[in-house]
Amino acid sequence: MLRTRLCELLGIEYPVISAGMGAVALARLAAAVSEAGGMGTIGLAAMGADAARAEIRAARELTARPFGVNLLIPFIGPGLIDAVIAERPAAATFFWGAPDDFRDAIGGLKAAGIKVLWQCGAADEACAAVAAGADAIIAQGIEAGGHVRGSVTTLALVPEIRDAIGAVPMAAAGGIADGRGLAAALALGADGVVMGTRFVAAGESAAHPRYKQRLLRAHASETTHTKLYDIGWPDAAHRVLRTAVVEEWERAGRPATGARPGEGAAAGTMPRRDGIASPLVRYSVMPPAEYMEGDLEGLAFYAGESVSLVREILPSGEIVRRVVAEAAAIIARRLAPLAG
Ligand SMILES: Cc1cc2nc3c(=O)[nH]c(=O)nc-3n(C[C@H](O)[C@H](O)[C@H](O)COP(=O)(O)O)c2cc1C
């Protein structure tokens, strides 16, 4: 059912990928998505090489099925790509950089049998990624939650990139949270979808329970595209919920970094493995995670416009099954009959 060339490439049953989301998409979520026949992705953004190795091994304990890892380019530290190559997950997804600079890294990953996906928000970057050796593209529209690379909506971007890259496998990301989104993405020329926000609210995600609850109540119009949460990653656009902290900053006239309300204030603590808690500050790039303590209101509640469609916390395997069944039913019962 719904087997596409993305499924062939990745060795998965269904064309549904959970986004590699730093700090919240860990082994538990990735393995559960993969167990259900999709492809889970571990977000390595907040990890050094040793932590990445341990997380990949933890996922492998939970599933024998293919899963991926996400390499967020500004956060690739020493030894991280070598650690990924040594651990050989099924796939690695890159985000936020110039593909040409990663020709060697892509070659090294592919030589180890790791499929390389490149997430971008523009057709020229997609073409550059294919030229640099990427096996597949993730086309991310501006509706997406988390960091947003481009400025075009998913509806316009996916067919544009399809025309630009020919038959190269592609997944659509941004604004997709159910089977209707999957069916639409396939119609636009994608071979599958990447969902982030929907999986933040999954049972196995490491998002803080308060963050998950907030997503269930939120509407797309309560998200904002901003560069506000820049401590740890300056000048990078992202989509977050408009929390009290965002509203306070807007009311203050949107002052620049360094002059914002509560600048530098503690937003919580993150206990480290050695028992020493590291502080989190307001406007930090970190999302609220279950292993953090304190108020956490000053952190980034990343959410895409798809948040309006996220209304319950479900096990991620159930999300995969529902999305695929809904899409198949839409294609068979609504779309196919229209073609006479
Ligand atoms: C909480 C959160 C964290 C994210 N972190 C990353 C990341 O570390 N690396 C990355 O490539 N994309 C990241 N993204 C973006 C996703 O890869 C994806 O493009 C996006 O979630 C798709 O839009 P959706 O949220 O509407 O499904 C993140 C998204 C969210 C919601």
Query raised in the report: Residue check: is residue 31 part of a helix (DSSP H, G or I), among the small types (Gly, Ala, Ser) and either assigned by TED's automatic domain parsing to the domain that holds residue 182 or out of contact with any His (no Cβ under 9 Å at 6 or more places or on another chain) (or both)?
Result: yes
Query - Yes/no for residue 79 being surrounded by fewer than 17 Cβ atoms within 10 Å (Cβ to Cβ), in contact (Cβ under 8 Å) with a residue 24 or more places away in the chain and either in the same structural domain as residue 19 (by TED's automatic domain parsing) or of a type in the set (Asp, Glu) (or both) - result: yes
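Hey, among the residues in segment 84-115 that are without any contact (Cβ under 8 Å) to a residue 40 or more places away in the chain and crowded, with 20+ Cβ neighbours inside 10 Å, which one's nearest to residue 150 (Cα to Cα)?
That would be 99.
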Report summary line: By residue number, the members of segment 161-181 that are of a type outside the set (Gly, Ala, Ser) and closer than 21 Å to residue 151 by Cα are 161, 162, 163, 165, 170, 176
Query - Residues within segment 235-258 that are within 15 Å of residue 222 (Cβ to Cβ), touching a helix residue (DSSP H, G or I) at 6+ places or on another chain (Cβ under 9 Å) and either without any contact (Cβ under 8 Å) to a residue 60 or more places away in the chain or not in a strand (DSSP E or B) (or both), tallied - result: 2
Requested in this report: Pairs only if they're at least six apart or on different chains, beta carbon under 8 angstrom, first in segment 29-41 and closer than 16 Å to residue 179 by Cβ and in contact (Cβ under 8 Å) with a residue 40 or more places away in the chain, second surrounded by fewer than 24 Cβ atoms within 10 Å (Cβ to Cβ) and not charged (D, E, K, R); list them, first residue then second.
Outcome: 33/317; 36/317; 37/324
Query raised in the report: Is there a residue being within 20 Å of the chain's Cα centre (by Cα), within 14 Å of the ligand (Cβ to nearest atom), assigned to a helix (DSSP H, G or I) and buried (at least 18 other Cβ atoms within 10 Å of the Cβ) anywhere in segment 134-149?
Result: no
Requested in this report: Considering (1) part of a loop (DSSP other than H, G, I, E, B); (2) over 23 Å from the mean Cα position of the chain (by Cα); (3) not hydrophobic (A, V, I, L, M, F, W, C), say which one residue 279 fails and leave the rest.
Outcome: (1)
Query raised in the report: Considering segment 160-185 alone, what residues qualify as being within 16 Å of the ligand (Cβ to nearest atom), part of a helix (DSSP H, G or I) and either crowded, with 20+ Cβ neighbours inside 10 Å or among the aliphatic types (A, V, I, L, M) (or both)?
Result: 161, 179, 181, 182, 183, 184, 185
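The values are calculated or read from the model by the stated rules, or taken from the named source; none is laboratory data. Every value quoted in this text rests on a predicted model; they were computed, and no experiment measured them. Every residue, glycine among them, receives a Cβ derived from its backbone with ideal geometry; neighbour counts consider all protein chains shown.
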